[in-house]
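Student: Pasting a structure here, questions to come.
The values are calculated or read from the model by the stated rules, or taken from the named source; none is laboratory data. Please read all numbers here as calculations on a predicted model, not as lab measurements. Here the Cβ positions follow ideal geometry from the backbone for every residue, glycine too, while neighbour counts run over all protein chains shown.
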Amino acid sequence: MHDFLSTTATAPTRHYPPPLRLRRAVSRRLIAAYAICAASAMPLHAAEIKVGSDFNVVIEGNIETGDYEKLRKFIEHEDYIDSIYLASPGGDVAEAIKIGRLVRELNLETVIPGQVASEFRSKVSADLLNKIASRKNIKNREANFMCASACFFVFAAGVHRIKDIAVIFDEPVLGVHRPFLTDKDLKAVSANEAIASAKRLRAG
């Protein structure tokens, strides 16, 4: 009678190499798994940093870990940068504070978008607003044409802080909805930075 247990026990001693196709399939799966893990470790919706108009840099989208370093390297390779146009709904507070420190060290001006005054909004089409935002190199006006939450900390660091000078945008779009430092944020900044950020928030 066939003894299944004894067969199973002796199987590892037979040293038969797996077929070549099987080994290649396993290798491909391991490589794919590694790629997925590496991709998942990267920020999914990091801000886009690009050249804007009027010798400025545009930061568009959510501010995420790594954007400080990305901005620093971007500015190193661009001449005549004197201001940063902020089109961000917020993001990582600790990263925004780091970006703000860079802005202050480089004596940069910060510019935020504006919106059409309420009495004129019904007379201005969405197409026109999109065209104006596009000239500022903003791709997603509805989602990003503002400076809110964590973006406030970058705006506050500017040596001059101004609203978009386009005539049609009469009211600034600056929002603070009580941003807070998470445990991750607190580990990334010093105690003095955390205290200073809280004071700026209360003063605003």
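Student: Looking at E142, E119 in this structure, which one is among the acidic types (D, E) and in contact with a helix residue (DSSP H, G or I) (Cβ under 9 Å, 6 or more places away or on another chain)?
Tutor: Details: E119 fails: in contact with a helix residue (DSSP H, G or I) (Cβ under 9 Å, 6 or more places away or on another chain).
Selected residue: E142, the only one of E142, E119 that is among the acidic types (D, E) and in contact with a helix residue (DSSP H, G or I) (Cβ under 9 Å, 6 or more places away or on another chain).
Student: Further, regarding this structure: Looking at (1) within 22 Å of D54 (Cβ to Cβ); (2) of a type in the set (D, E); (3) modelled with pLDDT of 95 or more, can you tell me which one E69 breaks?
Tutor: Unmet for E69, out of (1) within 22 Å of D54 (Cβ to Cβ); (2) of a type in the set (D, E); (3) modelled with pLDDT of 95 or more: (1).
Student: If you go through region 142-149 one residue at a time, do you hit one that is of a type outside the set (G, A, S), assigned to a helix (DSSP H, G or I) and at pLDDT below 90? Steps first, answer last, please.
Tutor: Step one: of region 142-149, the residues of a type outside the set (G, A, S) are 142, 144-147.
When the remaining residues are screened for being assigned to a helix (DSSP H, G or I), the result is 142, 144.
Going one step further and asking which of them are at pLDDT below 90, we end up with 142.
Within region 142-149, one or more residues are of a type outside the set (G, A, S), assigned to a helix (DSSP H, G or I) and at pLDDT below 90.
Student: Mind counting the residues in region 100-125 that are of a type in the set (D, E) and over 25 Å from F74 (Cβ atoms)? Even if it seems obvious, please write down each step before you answer.
Tutor: Step one: list which residues in region 100-125 are of a type in the set (D, E), which gives 105, 109, 119.
Keeping just the survivors that are over 25 Å from F74 (Cβ atoms) gives 119.
Total satisfying the criteria: 1.
Student: If S118 satisfies every condition in (1) exposed (fewer than 15 other Cβ atoms within 10 Å of the Cβ); (2) polar (S, T, N, Q); (3) closer than 15 Å to S88 by Cα but one, which is the exception?
Tutor: Condition not satisfied by S118: (3).
Student: May I ask you to list the residues in region 70-94 that are outside any strand (DSSP E or B), touching a residue at least 60 places away in the same chain (Cβ under 8 Å) and under 11 Å from the mean Cα position of the chain (by Cα)?
Tutor: Once the filter is applied, which keeps residues that are outside any strand (DSSP E or B), touching a residue at least 60 places away in the same chain (Cβ under 8 Å) and under 11 Å from the mean Cα position of the chain (by Cα), region 70-94 yields P89, G90, D92, V93.
Student: When only residues in region 65-108 that are of a type in the set (D, E) and surrounded by fewer than 18 Cβ atoms within 10 Å (Cβ to Cβ) count, which is nearest to R141 (Cα to Cα)? Step through it out loud before you land on a result.
Tutor: Taking region 65-108 and keeping what is of a type in the set (D, E), we get 67, 69, 76, 78-79, 82, 92, 95, 105.
Of the ones still in play, those that are also surrounded by fewer than 18 Cβ atoms within 10 Å (Cβ to Cβ) are 69, 76, 78-79, 82, 105.
Working: E69: 25, E76: 27, E78: 25, D79: 27, D82: 23, E105: 29 Å.
Restricting to residues being of a type in the set (D, E) and surrounded by fewer than 18 Cβ atoms within 10 Å (Cβ to Cβ), the top hit is D82.
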